[in-house]
Structures are given as structure tokens and as C-alpha cells.
1. Could you look through the stretch 17-49, keep only residues that are in a helix (DSSP H, G or I) and at pLDDT below 75, and pick out the one that is surrounded by the most Cβ atoms within 10 Å (Cβ to Cβ)?
2. Can you name the number of the only condition in (1) under 18 Å from LEU9 (Cα atoms); (2) in contact with a Gly (Cβ under 9 Å, 6 or more places away or on another chain); (3) modelled with pLDDT of 85 or more that PHE325 fails?
3. Just one of GLY147, GLY153 is closer than 30 Å to GLN67 by Cβ and outside any helix (DSSP H, G or I); which is it?
4. Kindly indicate which of ASP253, ASP236, ASP259 is modelled with pLDDT of 90 or more and open to solvent by 80 Å² or more (accessible area, probe 1.4 Å).
5. For the structure I just gave you, tell me whether PHE7 is open to solvent by 60 Å² or more (accessible area, probe 1.4 Å) and modelled with pLDDT under 85.
6. What is the number of the single condition among (1) open to solvent by 40 Å² or more (accessible area, probe 1.4 Å); (2) within 18 Å of ILE132 (Cα to Cα) that SER208 does not meet?
7. Examine the stretch 212-221 for a residue that is open to solvent by 70 Å² or more (accessible area, probe 1.4 Å), of a type in the set (Val, Ile, Thr) and more than 34 Å from the chain's Cα centre (by Cα), and state whether such a residue exists.
8. Out of contact with any strand residue (DSSP E or B) (no Cβ under 8 Å at 6 or more places or on another chain), more than 17 Å from PHE193 (Cα to Cα) and surrounded by fewer than 16 Cβ atoms within 10 Å (Cβ to Cβ) - does that describe any residue in the stretch 115-125?
Amino acid sequence: MSDSFPFELFVATRYLLAKRKQAFISVISFISVLGVLVGVMAVLIALALMTGLQGELRDRIVGSSAQVYVFKILDGFQDTPAETAKLKTVPRVVGVAPAVLGKGIVTAGSDRTAFASIKGIDPALEPTVTNIRNAMRSGTLEAIHAGPEEPDGIVLGTDLAKSLEVQVGDKVHVVTPDQILTPMGMMQHTRAFKVVGTFSLGLYEFDSEYALVDLPVAERLFGKGQPAFLEVRVDDMWASAQVAADIPKRLGDEYVTQDWRDMNKSLFSALWLEKIAMAIAIGLIIMVAALNIVASLILLVMEKSRDIAILKTMGARASSIRWIFLFQGVIIGLVGTGGGTLLGMALVFVLDRYKLIHVPIDVYQISYIPFTLLPLDLLTVVTAAMLICLLATIYPSRQAAKLDPAQALRYQ
């Protein structure tokens, strides 16, 4: 850069702000600024939407279920306390809980039924691997331990309890698909429970389908003599894959593991692809605005050919002429990008703060779309927009610098 840059910047600003003979060029310049502004704003909102959706689903999935599931082939978990103690020796493991999971039908009264996933838990250990304790909306988790003269306790998801029209203290029956032999022949296995609490983990799948019962009760209900799997929580959810791979190495090949990312790989892969596709599609708005910048500057070069010729005859170098038109494109890019960034950030804040966009909870698992704008996404969009605007000025500025003063003045 040279000391003459203020001169080029002054001329570039005058060309953009001064009244022109052809108002059409001013209109194209305005559309260019508007196109960059709208494009940057739209891309920022789209990225914030997809990032917020990914983050919200990830946090709710990790809070609702274990980060690592451990299964044991062949003989299974014969000694649960010993198996739990062994898993706690694995580095980064902070919680272990046994569980049993099966399907059943929950009935209330004579006409209210719902399919449910019946999960048997240890109420003392389950809160160490999931956020179930903070998710309780009524009753207590410990109440699933039944007294000698009381029916077994059951904790229902809030949406499941609503569909059954029950609350704490009501009676429900659980019917499992396993059949048992009775004097009357083969009959479905049915057991009475007392609703002792409700929970809301924030995911529709859990709140509308899951029911929690005491672990020994679930083992009897599904004809199992031991836990089906052990749930594990680690000190950092991003280390779950490492811990899942480390468990078989330390404890033996009979241990089979699966972490939360493996279980939800298709979901997060789809969300990531949607984020990239949406950013590219909406980013084409910035490309259209860049073409408008090219058209605007080319027409401006044609309009100002006489001025360029005079500047050259007065001693202006070709590089100075080039910088004049480069600065015009940069100014258009700065105004459009700056305005789009401010509007985009403002809209992201409002949309997230007031939860304005609602979605079907049974499809997206959450009731509204959260917006999260990452600093890296913001920096990438701003840098890309400015780079595109700068590239759009290269051809018109080079054409202006190549203009022959004699030819330009001859035909004026």
C-alpha cells in the first residue's frame, strides 16, 4: 500500500455517493448492498438455527440416556455390584447404573391404554448416569420401592401420564407381551402399579413412552434374572467413544459397548448435512449480490471513462485507478456485510430469547427451535462475504486500469 490510498478512497466514496447521470447504476449498487446484507443475514440465521437444533437435541439426548451402554455376552451380569465396581475403575467413568428395558402396554381404567417402554432402574444409581432426578415434575424417584403391603411404584413421563389421564396416587396396570402358564391356560403377564411420580426429560420420545419401575420388579416382569445392560456416564461426553473403546480392552472382549454418538449417528449426520446444504443454498444470495457488484462497477467504468482518462493524463497511475474501483467494491461489501451481521445477530437473539419458531414436538422431539450462533460460524460467514465482494471487483478494476486515455477522450 502507498501513501496515496486516501486519494483513491476519497474518489471511490465520491463515485458511490455523488449523483450520476444514469440512476440505473445507483440502483444496481443499492441492490448489491441489499443482496450482500440479506445473504449474510440469512446465512447467519440458518447456521444459528441448525447449530441450536443440534446442540439442544444433543444435550437432551445425553441428559435423558446414558453416554455409554455396556452389554456382556455369554453369561451376562451375574454379579451386578462387582460388575459396577469393575466399570468404575475405568478412567473417566463417573457413574454406573444397571437397567432393564422392555415393551409393554400401560392401562388406566377401562378405556385408556398406551404403549410404553418399561425401564427397570436402581433409583439410587440412575441419577448418576442421567438427569432423571432434576427431571422429576411430581412425586419422588425413590417411591418406586414399594412397601410390603403396597403395590409396586411406577414413574411415568409427563406426556404418557397425560395420555392416560392419571396422576400421582392413581393405579395403572402394565401388560407385557410375555405369556405365563396359569390354571386357565396361557395368559398375558399383568401387574398392578401405583403412580408415584412423573418426569419430563425434554425429549418427546422419553416423556411420551417411558415408564420407570424398580429394577427387581422389571426383572420379574420381563422374566430376567439380571440386568440387561449397565449404563455409564463419563466426565466429558465427548470422551464417550474413547471410554467405550477402552472398556473391552481393560475388562475383556466379552464386554460390548455402544456410546451415545453411535446410537444417534444417523440423526446428527442428517442434521450436519442439512446445515451445510442450507448454508450453501442461502449463500448463493451473496453470489448473486457479487454479480450485481460486477455489473455495477463495469457500468460505472463505462460512465466514468472520461474521468479516468483525465485522472491518467494528470499523472494518476494504473494502480491508483485499480484501487479506486477496488475500494468501491470493498465499501459495498463492508456496508452489506456489516448490516447483515448486525441484523442477523439481532434476529438470532430475538428468535432464541422469545422462542418464536415452534415445531411439531413428535417430529423434532422439542417444541421450539433454539438459535445458537457460534463465533467460528460468524467469522467464517463475514470473511467469506468480504472475500466474495473483493473478488467481484477484480475484473472491473483491471479494465478501468487498462483504459487508454486518448481513446476515452476521443469519443467523449
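The values are calculated or read from the model by the stated rules, or taken from the named source; none is laboratory data. Here the structure is a predicted model, which is why all the values come from computation and not from measurement. A quick note on method: Cβ atoms are made from the backbone with ideal geometry, for glycine too, and the neighbour counts reach across all protein chains shown. Side chains included, ligands, DNA and RNA excluded: accessible areas come from the protein's heavy atoms. Shrake-Rupley method; radii C 1.70, N 1.55, O 1.52, S 1.80 Å.
1. So in the stretch 17-49, the residues in a helix (DSSP H, G or I) come out as 17, 23-49.
Then keep just the ones that are at pLDDT below 75; that gives 17, 23-26.
Numbers: LEU17: 9, ALA23: 9, PHE24: 12, ILE25: 20, SER26: 16.
The qualifying residue surrounded by the most Cβ atoms within 10 Å (Cβ to Cβ) is ILE25.
2. Against the list (1) under 18 Å from LEU9 (Cα atoms); (2) in contact with a Gly (Cβ under 9 Å, 6 or more places away or on another chain); (3) modelled with pLDDT of 85 or more, PHE325 comes up short only on (2).
3. Details: GLY147 fails: closer than 30 Å to GLN67 by Cβ.
Only one candidate passes the filter, namely GLY153.
4. Details: ASP236 fails: open to solvent by 80 Å² or more (accessible area, probe 1.4 Å); ASP259 fails: open to solvent by 80 Å² or more (accessible area, probe 1.4 Å).
The conditions single out ASP253.
5. Working: open to solvent by 60 Å² or more (accessible area, probe 1.4 Å): yes; modelled with pLDDT under 85: yes.
Spelling it out, PHE7 is indeed open to solvent by 60 Å² or more (accessible area, probe 1.4 Å) and modelled with pLDDT under 85.
6. Status for SER208: all satisfied but (1).
7. Of the residues in the stretch 212-221, the ones open to solvent by 70 Å² or more (accessible area, probe 1.4 Å) are 220.
Narrowing further to those that are of a type in the set (Val, Ile, Thr): none.
No: the stretch 212-221 contains no residue that is open to solvent by 70 Å² or more (accessible area, probe 1.4 Å), of a type in the set (Val, Ile, Thr) and more than 34 Å from the chain's Cα centre (by Cα).
8. We begin by selecting, within the stretch 115-125, every residue out of contact with any strand residue (DSSP E or B) (no Cβ under 8 Å at 6 or more places or on another chain); these are 124.
Remaining after also requiring more than 17 Å from PHE193 (Cα to Cα): 124.
After this cut, where a residue has to be surrounded by fewer than 16 Cβ atoms within 10 Å (Cβ to Cβ) as well, the list is 124.
Looking through the stretch 115-125, at least one residue is out of contact with any strand residue (DSSP E or B) (no Cβ under 8 Å at 6 or more places or on another chain), more than 17 Å from PHE193 (Cα to Cα) and surrounded by fewer than 16 Cβ atoms within 10 Å (Cβ to Cβ).
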